[in-house]
1. Given segment 104-195, what helices (runs of 4 or more DSSP H) lie entirely inside it while holding 2 or more residues that are acidic (D, E)?
2. Do we find that Y370 is outside any helix (DSSP H, G or I) and more than 16 Å from the ligand (Cβ to nearest atom) in this structure?
3. When you go through L317, L306 one by one, which is the residue that is in contact with a helix residue (DSSP H, G or I) (Cβ under 9 Å, 6 or more places away or on another chain) and closer than 20 Å to G24 by Cα?
4. Surrounded by fewer than 19 Cβ atoms within 10 Å (Cβ to Cβ), more than 15 Å from the ligand (Cβ to nearest atom) and at pLDDT below 95 - does that describe any residue in segment 216-235?
5. Collect the residues in segment 88-124 that are among the charged types (D, E, K, R) and surrounded by fewer than 21 Cβ atoms within 10 Å (Cβ to Cβ), keeping them in residue-number order.
Amino acid sequence: MELLENKFESVFGKEYDYAFFAPGRINLIGEHIDYSGGNVFPCAITNGTYALVRIRDDHKFRFVSLNVSDTEILEIDASDLAYDENHGWVNYAKGIIATIAQKGLSIDTGFEVLYYGDIPNGAGLSSSASLGIVTAEFIRKINQLPLSDLDLVVVTKDSENQYIGVNTGIMDQFTVMFGQKDTALRLNTETLDYERVPVQLEGHKIVIMNTNKQRALADSKYNERLEECARALSIIQNHYDVSELCQLNREQLEAIVDAFRDDMVAYRRARHAISENDRVHRAVRKLRHGELLAFGKLLNASHKSLKDDYEVTGKELDSIVEAAWDEASCIGARVTGAGFGGCAIAIVTTDAIPTFIKNVGNKYKEVIGYEANFYVAEIGDGSHEIKR
Ligand code: GLA
């Protein structure tokens, strides 16, 4: 924080008024089902995005990110909130302000903000939800807006869906806001009912494995999966009275497999969604009862389903996860987040982590040709103000 405080003063010439932090997240299990009414099981991590803000007495918004440059300030006027390709990452902040403005709330208090993030961008750890929520937090504060935490979650999701154009579910924003140290959230994405489950891994830690494969196509493929699920749902609705894929169980789906004759892709997408939702319930029970090996097996099964039925993994993620499975110290591993590159997680015996990293890292480099990065994940708190 001290470093950021000094940076703020050297960039903007004055002291900041408020500071906020919003974390990134990993998802333990429950992947690609938060837009199909499924249950997910994510947790916030201690890495995330910091924002230091000072109120201005005009209507100018000035943005700096230390991840980009500490001298490049982008200045926009409160009346100029339209998406602009040239504004790059700042669009994620503008989208929040524009989405709040659409609610008819007054958000024209000028500000200057300095961001710093210690999550790798576009790696499946929710850097965008983290940037979105931290922005929503300070906009609410400086404009004294009558918005609840859940309102900010919805604003951030709406901004991602409508302003940025990626039709994500609510998992990331919800976790970034409501995560809590050493616990995961079992969130029902249809009702938003949730429970907090302690993550006690007795002698194990969660290792994040970053494939360093950038996800250039991720966004369009993401929306493609949504369309395929919508197709599956409309076939299912000819037979059952449901509004979301995850309201169905495996037997009900199997009973109408013939209806998918002409669209087996849609069938496999539905099979993933329904089986994954079931795995989440089982995984939560296993973790609560301390049955770690069984918990790990469910993680492995989740990865296989995302690979074969949902097709969102790819060579890099499969190689790193398979290399993890080969290690005796690993009790489970899977892709986390949207996939198509980005990160996977592995649950590894604490003492063996250095050997695990060495072996998996070597194998990955041998097959893929470049290095992976590894971080030990700490489960942290959701977004909050940092008081002086
Ligand atoms: C991205 C989206 C989430 C979720 C995951 C996949 O992180 O933002 O809403 O769909 O992918 O589980």
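The values are calculated or read from the model by the stated rules, or taken from the named source; none is laboratory data. If you're wondering where the values come from, they're calculated on a predicted model, not measured in any experiment. Note that we place each Cβ from the backbone using ideal geometry, even for glycine, and neighbour counts take in every protein chain shown.
1. Working: elements: 127-143, 149-158, 171-178.
By residue number, 149-158.
2. Numbers: outside any helix (DSSP H, G or I): yes; more than 16 Å from the ligand (Cβ to nearest atom): yes.
Against the criterion (outside any helix (DSSP H, G or I) and more than 16 Å from the ligand (Cβ to nearest atom)), Y370 qualifies.
3. Working: L306 fails: closer than 20 Å to G24 by Cα.
None of the others qualify; the one that does is L317.
4. Within segment 216-235, one or more residues are surrounded by fewer than 19 Cβ atoms within 10 Å (Cβ to Cβ), more than 15 Å from the ligand (Cβ to nearest atom) and at pLDDT below 95.
5. Let us first name the residues in segment 88-124 that are among the charged types (D, E, K, R), namely 94, 103, 108, 112, 118.
Within segment 88-124, K103, D108, D118 qualify.
Let's see how each residue does on (1) of a type in the set (A, V, I, L, M); (2) at pLDDT 95 or above:
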{"site": "Y83", "(1), (2)": "no, yes"}
{"site": "A129", "(1), (2)": "yes, yes"}
{"site": "I133", "(1), (2)": "yes, yes"}
{"site": "A136", "(1), (2)": "yes, yes"}
{"site": "V155", "(1), (2)": "yes, yes"}
{"site": "D158", "(1), (2)": "no, yes"}
{"site": "I164", "(1), (2)": "yes, no"}
{"site": "N167", "(1), (2)": "no, no"}
{"site": "I170", "(1), (2)": "yes, yes"}
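Here's the yes/no breakdown for (1) within 14 Å of the ligand (Cβ to nearest atom); (2) outside any helix (DSSP H, G or I); (3) buried (at least 18 other Cβ atoms within 10 Å of the Cβ):
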position: N238; (1), (2), (3): no, yes, no
position: S243; (1), (2), (3): no, yes, no
position: E254; (1), (2), (3): no, no, no
position: A273; (1), (2), (3): yes, no, yes
position: R282; (1), (2), (3): no, no, no
position: R285; (1), (2), (3): no, no, no
position: G290; (1), (2), (3): no, yes, no
position: H303; (1), (2), (3): yes, no, yes
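Okay, residues lined up against (1) among the aliphatic types (A, V, I, L, M); (2) touching a residue at least 60 places away in the same chain (Cβ under 8 Å):
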residue	(1), (2)
E2	no, no
D17	no, yes
L28	yes, yes
Y35	no, yes
F41	no, yes
G48	no, yes
I73	yes, yes
